[in-house]
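First comes the structure, then the notes that go with it.
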Amino acid sequence: MSRRRSDLLRALLALAVAFILTTAAVSLLFSRGQVVGDFMAPALLDGDAIVVDRASGHFIDYRAGEIVSLQIPGEPRGRLLKRVRGGPGDPVLAGGMLLRTLGPDEFVVDDELAHHGHAVLERDEIEGRVLLRAWPLSRLKWRPGLEQ
């Protein structure tokens, strides 16, 4: 009987450790949030729940059309969502004039507050890509924004 109890305790301990490690790994690799406002319509609407992939952007360039999350210190809403318009090697244009070419870790995102309507960001300024529109289930979508 004590052998069974010992095996059961070991199995429960292994399950608890696996749960803790999995939860920690998921929280490091992904974050979740809720969209406030319709500024990314039709890809994301007010109230949509999203999952942000915080890891792959370190290894895979962001593509034009993808929606990315930015953590802005002091931003009362927590994070901002922007649409990528260009990546490394792409030209940065304003009024049809070439301003410059993007460097190896630079991306252009839409920015309604910027003078030219876009902002250039370094890779490490981007928290991650919106990987999933998770809720409501009727709007479930893998990598929303790329269909635009």
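The values are calculated or read from the model by the stated rules, or taken from the named source; none is laboratory data. Because the structure is a prediction, the values reported are computed rather than measured. In this analysis, Cβ positions are derived from the backbone assuming ideal geometry, glycine residues included, and neighbour counts consider all displayed protein chains.
Could you please find all residues in the stretch 1-35 being not in a helix (DSSP H, G or I) and not charged (D, E, K, R)?
MET1, PHE30, SER31, GLY33, GLN34, VAL35 - these are the residues of the stretch 1-35 that are not in a helix (DSSP H, G or I) and not charged (D, E, K, R).
Anything in the stretch 27-79 that is closer than 19 Å to GLU106 by Cα and of a type in the set (Phe, Trp, Tyr)? List them, or say none.
Of everything in the stretch 27-79, those that are closer than 19 Å to GLU106 by Cα and of a type in the set (Phe, Trp, Tyr) turn out to be PHE59, TYR62.
When you check ASP38 against the structure, is it assigned to a loop (DSSP other than H, G, I, E, B), modelled with pLDDT under 85, surrounded by fewer than 16 Cβ atoms within 10 Å (Cβ to Cβ) and in contact with an Asp or Glu (Cβ under 7 Å, 6 or more places away or on another chain), yes or no?
The answer is yes for ASP38.
For the stretch 106-144, how many residues meet the condition of being at pLDDT below 85 and part of a loop (DSSP other than H, G, I, E, B)?
11
Looking at this structure, is VAL36 touching a Phe, Trp or Tyr at 6+ places or on another chain (Cβ under 9 Å), in contact (Cβ under 8 Å) with a residue 12 or more places away in the chain and not polar (S, T, N, Q)?
Against the criterion (touching a Phe, Trp or Tyr at 6+ places or on another chain (Cβ under 9 Å), in contact (Cβ under 8 Å) with a residue 12 or more places away in the chain and not polar (S, T, N, Q)), VAL36 does not qualify.
Are there strands (runs of 3 or more DSSP E) fully within the stretch 58-105 with at least 3 residues that are more than 30 Å from VAL36 (Cα to Cα)? List them.
Once the strands (runs of 3 or more DSSP E) in the stretch 58-105 are filtered for at least 3 residues that are more than 30 Å from VAL36 (Cα to Cα), what remains is 97-101.
Going through the stretch 26-51 one residue at a time, which ones are more than 11 Å from ARG133 (Cβ to Cβ) and among the aliphatic types (A, V, I, L, M)?
VAL26, LEU28, LEU29, VAL36, ALA41
Just give me the residues in the stretch 22-35 being over 17 Å from the mean Cα position of the chain (by Cα) and either at pLDDT 85 or above or surrounded by 13 or more Cβ atoms within 10 Å (Cβ to Cβ) (or both), in sequence order.
None - no residue of the stretch 22-35 is over 17 Å from the mean Cα position of the chain (by Cα) and either at pLDDT 85 or above or surrounded by 13 or more Cβ atoms within 10 Å (Cβ to Cβ) (or both), so the list stays empty.
Looking for something under 14 Å from the mean Cα position of the chain (by Cα), farther than 30 Å from ALA24 by Cα and surrounded by 12 or more Cβ atoms within 10 Å (Cβ to Cβ) - is there at least one such residue anywhere in the stretch 78-101?
For the stretch 78-101, residues under 14 Å from the mean Cα position of the chain (by Cα), farther than 30 Å from ALA24 by Cα and surrounded by 12 or more Cβ atoms within 10 Å (Cβ to Cβ): absent.
Since ILE50 meets every condition but one in (1) of a type in the set (A, V, I, L, M); (2) in contact (Cβ under 8 Å) with a residue 40 or more places away in the chain; (3) touching a Gly at 6+ places or on another chain (Cβ under 7 Å); (4) part of a loop (DSSP other than H, G, I, E, B), which condition does it not meet?
Going through the list (1) of a type in the set (A, V, I, L, M); (2) in contact (Cβ under 8 Å) with a residue 40 or more places away in the chain; (3) touching a Gly at 6+ places or on another chain (Cβ under 7 Å); (4) part of a loop (DSSP other than H, G, I, E, B), ILE50 breaks only (4).
Matching residues to (1) out of contact with any strand residue (DSSP E or B) (no Cβ under 7 Å at 6 or more places or on another chain); (2) of a type outside the set (Gly, Ala, Ser):
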position: LEU28; (1), (2): yes, yes
position: ALA41; (1), (2): yes, no
position: GLY95; (1), (2): yes, no
position: LEU99; (1), (2): no, yes
position: ASP111; (1), (2): no, yes
